[in-house]
Amino acid sequence: MAHAVEQPAATPPPRVGKQSDPCIMTIFGAAGDLTARMLIPALHNLARADLLSKEFAVLGVARSQMTDEAFRKRIYDDVKQYCSDCIDPATWDTFSKRFYYFAGDFSDEKLYPQIKDRLTQIDREHSTHQNVFYYLATAPSFFGPIVAKLAATGLMEQSNDHWRRVIIEKPFGHDLESAKTLNQQLLKVADEKQIYRIDHYLGKETVQNIMAFRFANGIFEPVWNRRYIDHVQISVSETVGVEGRGSYFDTAGSLRDMVPNHIMQLISLTAMEPPISFDANAVRDEQAKILHAIQPISDEDVLSRSVRGQYGDGTESGARVTAYRTEPDVAPDSRTETFVAMKLLIDNWRWADVPFYLRTGKRMTARSTQIMIQFRRAPFVLFRDTPVDHLMPNQLVLHIQPEEGISLQFAAKVPGPVMRLGTVDMNFEYQEYFGKQPSTGYERLLHDCMIGDQTLFQRADMVEAGWSIVNPVLDIWKALPPRNFPNYASGTWGPKDADELLERDGRRWRNFEK
């Protein structure tokens, strides 16, 4: 196994990162799970790493009636429940005193002048320089109206002395038309530089490392093209079902939930050309070019290049689990897909004729998110007079979750007098080499918003490009309901049609056990 080599420290080590600007984080939907599970722990981790300004505060806004003290206690209890070892007592004591709460109905216009007054009061107390960012941890139907009401109250106005920003959670629309409409609503009252469309996948270390891996290492970029790469697989598999989110998921499905956002981000980072710098728009320009270069899927292609599935009864971790249609809040005759597989082609010079296969599904064999780059096979000529009957292709795998790391698979001679080849895995794991850091995946994204770096946030044109790729599939699937649901058992790798999607091209999925 390879080992990291430390460079001699001729000069003092550089700073770990820039401390965030003074600001107030205003969370709409502060009483929800996202706040307790992800946002507050992420802020706490930033505070522990000394990346959070001392001039910082949180204002939670939700319908429930609570005092500031009750909000602080609730957050503490929830964080302890979800992550008992996440709280550092020394940090939490001063950290939690910056939490405030305001109760109100998001659709009530009278709420926003009251929020403005409360923000002014908190700014005076904590010297936040009038910098505010709003986190919309709400139902998607509130995204446009909340930002419009903030703007109407003057809460989106910024100057050279202070800034105002808004973070918007997914789903950003439910199809191309709704995404365009939402973008238009937001851009009427805010500048693109104020809008941060968040995708928590981009907060994961390995996703961020894709650019460093490609562009900081001279040995990989020269072979990162159609001449050396046979195909690319992107898999996002989950072992769980809908986990009590049946009412949402049954109207969304796996295609809407995962492909236009998470998976398109992974494709664009894997396939993009080198940006001229790490400036936010330089990076996003190259990502957008890839999304626009993905070959449009015709109606006929939908039938041959996409697969949908829905899980039935099966086994998970040795226990019997029931079919999707028996989940709470799911229609007993539901046509919603819990599995998607697609074959995409990128029409540019680097990737012409290199297929990108993607799949995502629930109740599958193992929980994993990975990008697999399969290289072309070496010529067999040298081995034709030996016992070696075939050569395995090299595979480079970027492991994104649950373990973050990179592995390279290559052939080596098995010791002995006969020419025999064995497959060797060379693995790099982040935790092993760099140690485990407390992380929810939101730390980098929140910190970037606080310092005004939009690199890891989607731009309006990127969102619309992602939807334009899947829209033809949505249309055909709506017009032609599935006849064979459920079509894969829980605890398997999905429907047989997904295997056939690759087998027709002489390829197969990279599957593995837990």
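Tell me which residues, restricted to the range 82-125, are among the polar types (S, T, N, Q), exposed (fewer than 15 other Cβ atoms within 10 Å of the Cβ) and over 21 Å from Leu46 (Cβ atoms). Listed by number, the residues that qualify are Ser107, Thr120, Gln121. Among the criteria (1) modelled with pLDDT of 95 or more; (2) part of a helix (DSSP H, G or I); (3) within 30 Å of the chain's Cα centre (by Cα); (4) in the same structural domain as Arg63 (by TED's automatic domain parsing), the one Trp92 does not fulfil is (1). Within the range 162-184, can one find any residue that is surrounded by fewer than 16 Cβ atoms within 10 Å (Cβ to Cβ), of a type in the set (S, T, N, Q) and in the same structural domain as Leu39 (by TED's automatic domain parsing)? Checking the range 162-184: not a single residue is surrounded by fewer than 16 Cβ atoms within 10 Å (Cβ to Cβ), of a type in the set (S, T, N, Q) and in the same structural domain as Leu39 (by TED's automatic domain parsing). From (1) free of Cβ contacts under 8 Å to residues at least 60 places away in the same chain; (2) closer than 26 Å to Tyr442 by Cα, pick out the condition that doesn't hold for Leu202. The single condition Leu202 does not satisfy is (1). Evaluate the range 155-176: report whether one residue or more is part of a helix (DSSP H, G or I), over 25 Å from Asp68 (Cα atoms) and touching a residue at least 40 places away in the same chain (Cβ under 8 Å). Yes, some residue in the range 155-176 is part of a helix (DSSP H, G or I), over 25 Å from Asp68 (Cα atoms) and touching a residue at least 40 places away in the same chain (Cβ under 8 Å).
Gln233 passes every criterion in (1) in contact with a strand residue (DSSP E or B) (Cβ under 7 Å, 6 or more places away or on another chain); (2) of a type in the set (S, T, N, Q); (3) modelled with pLDDT of 95 or more; (4) under 27 Å from Ala137 (Cβ atoms) apart from (4). If we scan the range 151-159, do we find a residue that is under 30 Å from Lys478 (Cα atoms) and of a type in the set (S, T, N, Q)? The answer is no, given that none of the residues of the range 151-159 is under 30 Å from Lys478 (Cα atoms) and of a type in the set (S, T, N, Q). On inspection, Gln431 qualifies as farther than 19 Å from Leu269 by Cβ and in contact with an Asp or Glu (Cβ under 9 Å, 6 or more places away or on another chain). Taking the range 318-337 as the range and being in contact (Cβ under 8 Å) with a residue 12 or more places away in the chain and among the hydrophobic types (A, V, I, L, M, F, W, C) as the test, the residues that pass are Val321, Ala323, Val330, Ala331.
The values are calculated or read from the model by the stated rules, or taken from the named source; none is laboratory data. Since the model is a prediction, treat every value here as computed from it, not as a measurement. So basically every Cβ, Gly included, is an ideal-geometry build from the backbone, and we count neighbours across all protein chains shown.
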